[in-house]
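This report refers to the structure that appears directly beneath it.
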Amino acid sequence: MTAIISPYHKPPDPPAHLLAQPHLDSELLDIMVDCYRSSKMLAKMLFPERFYREFDPGYDDLFALLDDDSIQRACVEAFRGCGKTSFVNLVIPAKGILFEDRHFIVPIGCTSDLAVLQTENLKSALQTSEMVKKLFGPMKSGNWAKE
């Protein structure tokens, strides 16, 4: 029998070097693994000031879409104010950066100025989130590009 693994297949747990950080106790390790496996958990745990309300059951399909790495492109039609921008420009890139699944993040915006603003918002969210600091340490980088 031959196993075929999708090129988009992702292991069920974060990279071993992230789990081996000495400052992580068992509770923080569980949170890290849960956030890696679930974008819904990541949104609530790492960015509670942005995602402060409970998600309606209708969001389950969206989170299933976000967590399925075999889906490379999708079109989401949803009402204004439901959080589309927060998912696309905060949750997805933050997950890719924190778990080192993505080397390049291209922000989406109707103008380049808006895309730069979204990048700055992502940077700020990663640098100020208390749970990000607990799990991954302080986020410092000279690679936050504006141009």
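The values are calculated or read from the model by the stated rules, or taken from the named source; none is laboratory data. Note that the structure is predicted; figures quoted are calculated from it, not measured. FYI the Cβ positions are ideal-geometry reconstructions off the backbone, even for glycines, and counts take in every protein chain you see.
Number of residues in the stretch 112-147 that are modelled with pLDDT of 95 or more, charged (D, E, K, R) and touching a helix residue (DSSP H, G or I) at 6+ places or on another chain (Cβ under 8 Å) equals 1.
Would you check if Asp101 is closer than 30 Å to His23 by Cα, surrounded by 12 or more Cβ atoms within 10 Å (Cβ to Cβ) and at pLDDT below 85? No: the conditions fail for Asp101. The single residue among Gly109, Gly81 that is without any contact (Cβ under 8 Å) to a residue 40 or more places away in the chain, more than 29 Å from Lys134 (Cβ to Cβ), among the small types (Gly, Ala, Ser) and surrounded by 14 or more Cβ atoms within 10 Å (Cβ to Cβ) turns out to be Gly109. For Asp69, are the conditions met, namely being of a type in the set (Asp, Glu) and over 22 Å from Pro12 (Cα atoms)? Considered against the rule, which asks whether it is of a type in the set (Asp, Glu) and over 22 Å from Pro12 (Cα atoms), Asp69 comes out as no.
Among the residues in the stretch 83-90, are any outside any loop (DSSP other than H, G, I, E, B), modelled with pLDDT of 90 or more and touching an Asp or Glu at 6+ places or on another chain (Cβ under 8 Å)? The answer is no; no qualifying residue exists. When Leu18, Leu66, Leu42 are screened for being under 13 Å from the mean Cα position of the chain (by Cα) and closer than 14 Å to Leu135 by Cβ, only Leu42 passes. Mind listing whichever residues of the stretch 97-125 are part of a loop (DSSP other than H, G, I, E, B) and over 17 Å from Leu42 (Cβ atoms)? Once the filter is applied, which keeps residues that are part of a loop (DSSP other than H, G, I, E, B) and over 17 Å from Leu42 (Cβ atoms), the stretch 97-125 yields His103, Phe104, Val106, Pro107, Ile108, Gly109, Cys110, Thr111.
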